[in-house]
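Student: Quick one: the structure is below, and I'll ask about it shortly.
What follows draws every value from the coordinates through simple rules; no lab data is involved. A quick note: this is a predicted structure, and the numbers were derived from the prediction, not measured. In this analysis, Cβ positions are derived from the backbone assuming ideal geometry, glycine residues included, and neighbour counts consider all displayed protein chains.
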Amino acid sequence: MGKRMTAAGDRELLKTAYEAWEASDWAVAAQSLEVLLRRHPDRPESGAWWYDAALAHKFLGNWSKAYEFGVQAAARAERGAEEPAFWNLGIAATILEDWAVARDAWQGYGLSLPDGEGEILADFGPTPIRLSNGEVVWARRLCPTRARVLNVPTVESGRRFGEVVVHDGAPNGERVVAGRTFPVFDELVLFRASDLPTTTVQVVAGTPEDVRALAELFDGHGYAAEPASGTRVICACCSEGGVHQDRDHQVSGGQAVHVAAPPAEVASLMDAWSAEAPQRRSWTGPAPA
């Protein structure tokens, strides 16, 4: 009788977990799966439960729990077979800065990493990242799940040039540049902040090349400058589809330019830019963006 009641209770718990899952009630799903796993950590089907519990905690942003359950899910997954349990563990371990576990998780998934220990700092190429406010910026991937922002995001995004964000592993849209398609990844958390504030200046540039020269000047100092006209407003549905982008956007005339640099250096850099061609270049500001 006791065993039958326990089995019935387990079935009800499992039903509750996955009904909550279908309703995106991640807290109930995670709690129900956790209770079930305390009772049956090593049943043949428990690998899927460990994985789903870790995933539910990921959706909740509970990274310590996502890590705890992710370790168990990965231990029951096949190494080198691109099992998503390793990928999710890699994300959680990265956020918690457990680099040994993160490295092992990426290798368990089947990725090759540069040799070394500690934080992974490599060049995994450029990628567009959708920030938490929906804005898509370009970034350079430092590891399978972190990327440094290369654009000057809008102030509304809450992000800055040079910040490092952790992004998800599932693509959510595409950007097409010069015939090459790049998957868009969604931001999960801010990993490392930038101390470079965004400032807006008003410029008059005689040619697009003058604006390009401004961007190159700031870039040469480790900063960034971008014309505001390079920002396109599109609906969420379109953003999550395929969008064609220009590789290099500059236009002439009067316009706003967002710059990411120490406030004390903005004026001197802008003066240096305008002094090179004063007949074509001028600026006013800066004004905090």
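Student: Quick check: residue separation of E97 and T231 times 0.36 nm, minus the Cα distance between them. What number comes out in nm?
Tutor: Contour length minus the Cα-Cα distance gives 44.9 nm.
Student: Percent relative contact order of the chain, based on C-alpha pairs within less than 8 angstrom and at least six residues apart?
Tutor: 12
Student: Identify the GluC sites (Glu not before Pro) of region 119-227 meeting these criteria: DSSP loop state and at most 15 other C-beta atoms within 10 Å of the C-beta.
Tutor: When the GluC sites (Glu not before Pro) of region 119-227 are filtered for loop state and at most 15 Cβ neighbours within 10 Å, E119 remain.
Student: To test your reading of the geometry: what angle, between 0 and 90 degrees and rounded to tens, separates the Cα axis of helix 2-22 from the longest principal axis of the chain?
Tutor: 20
Student: Put +1 on the Cβ of every Lys and Arg and -1 on every Asp and Glu Cβ in the chain; which of C238, A8, Y67 then has its Cα farthest towards the positive end of the dipole?
Tutor: My answer, from the dipole projection, is A8.
Student: I need two numbers for the chain: Rg to one decimal and Dmax as a whole number, Cα atoms only, in Å.
Tutor: For the chain, the Cα-based Rg and Dmax read 23.8, 93 Å.
Student: Can you give the charge dipole size of region 2-109 about its Cα centre, rounded to the nearest 20 debye, using +1 on the beta carbon of Lys and Arg and -1 on the beta carbon of Asp and Glu?
Tutor: 400
Student: Right, another one. Relative to the Cα centre, what is the charge dipole magnitude of the chain, using +1 at the beta carbon of each Lys and Arg, -1 at the beta carbon of each Asp and Glu, and rounding to the nearest 20 debye?
Tutor: My answer is approximately 500 debye.
Student: A further question follows. Taking region 111-257 on its own, what percent of its Cα-Cα pair distances exceed 25 Å?
Tutor: 31
Student: So what's the angle, to the nearest 10 degrees on a 0 to 90 scale, between helix 26-39 and the longest Cα principal axis of the chain?
Tutor: 40
Student: Using only the C-alpha atoms of region 75-165, find the volume of their convex hull and express it per residue in Å³.
Tutor: Expressed per residue, the convex hull around the Cα atoms of region 75-165 is 99 Å³.
Student: Lys/Arg Cβ at +1, Asp/Glu Cβ at -1, dipole of region 35-117 taken about the Cα centre: which of A54, S112, P41 is farthest positive-ward?
Tutor: P41
Student: Projected area of region 126-192, taken from the Cα convex hull and averaged over every viewing direction, in nm²?
Tutor: Answer in nm², one decimal: 4.1.
Student: What angle do you read, to the nearest 10 degrees and between 0 and 90, between the alpha-carbon axis of helix 63-75 and the longest principal axis of the chain?
Tutor: Long axis of 63-75 versus the principal axis of the chain: about 60 degrees.
Student: Which value in Å does the Kirkwood hydrodynamic radius of region 198-288 take, with 1/r averaged over all unlike C-alpha pairs and then inverted?
Tutor: 13.8
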